[in-house]
1. Determine which member of the set 41, 57, 102 is within 10 Å of the ligand (Cβ to nearest atom), within 11 Å of the chain's Cα centre (by Cα) and over 17 Å from residue 16 (Cβ atoms).
2. Of all residues in the stretch 61-96, which are part of a helix (DSSP H, G or I), in contact (Cβ under 8 Å) with a residue 40 or more places away in the chain and surrounded by 15 or more Cβ atoms within 10 Å (Cβ to Cβ)?
3. All but one of (1) within 14 Å of the ligand (Cβ to nearest atom); (2) at pLDDT 95 or above; (3) out of contact with any strand residue (DSSP E or B) (no Cβ under 9 Å at 6 or more places or on another chain) hold for residue 50, so report the exception by its number.
4. For the stretch 49-60, which residues satisfy the criterion of being within 21 Å of residue 105 (Cβ to Cβ) and assigned to a loop (DSSP other than H, G, I, E, B)?
5. Test of understanding: among 15, 7, which residue is touching a strand residue (DSSP E or B) at 6+ places or on another chain (Cβ under 7 Å), away from the ligand (no atom under 14 Å from the Cβ) and part of a loop (DSSP other than H, G, I, E, B)?
6. For the stretch 30-48, which residues satisfy the criterion of being assigned to a helix (DSSP H, G or I) and either in contact (Cβ under 8 Å) with a residue 60 or more places away in the chain or surrounded by fewer than 21 Cβ atoms within 10 Å (Cβ to Cβ) (or both)?
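The values are calculated or read from the model by the stated rules, or taken from the named source; none is laboratory data. Note that the structure is a prediction, hence the values are computed from the model and not measured. Glycine also receives a Cβ, built like all others from the backbone with ideal geometry; neighbour counts cover every protein chain displayed.
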Ligand SMILES: [Zn+2]
């Protein structure tokens, strides 16, 4: 894995109670993520099953405020962050590469989230 060529976060901002996380990257970019987007595209096996690929979870569209609050963000190795949500859901490992793929979804209509495919 070309870890040295994948940008890595230099700063991550997720104010308590906010529904938005902002990441500054080593290549100078700043990306933003609605928590609904992160939760709805949670890559964990419990959400996505064990088949390859990531699809939008419609359950995120009616998720509670608590379920869209991040209670913990931890770095995983030097390639990803692990997110734990206010309702206790955890196990989603978001690689830096994946987070960069999600960045263009910010501020897009829900149709873009529903149409997201990662194989
Ligand atoms: Zn999950």
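1. 41
2. Step one: of the stretch 61-96, the residues part of a helix (DSSP H, G or I) are 61-62, 66-68, 96.
With in contact (Cβ under 8 Å) with a residue 40 or more places away in the chain added as a condition, the list becomes 61, 68, 96.
Passing the criteria: 68, 96.
3. (2)
4. Applying the first criterion (within 21 Å of residue 105 (Cβ to Cβ)) to the stretch 49-60 yields 52-60.
Scanning the stretch 49-60 gives 52, 53, 56, 57.
5. None of the others qualify; the one that does is 7.
6. Residues satisfying the conditions are 36, 37, 38, 40, 45, 46, 47, 48.
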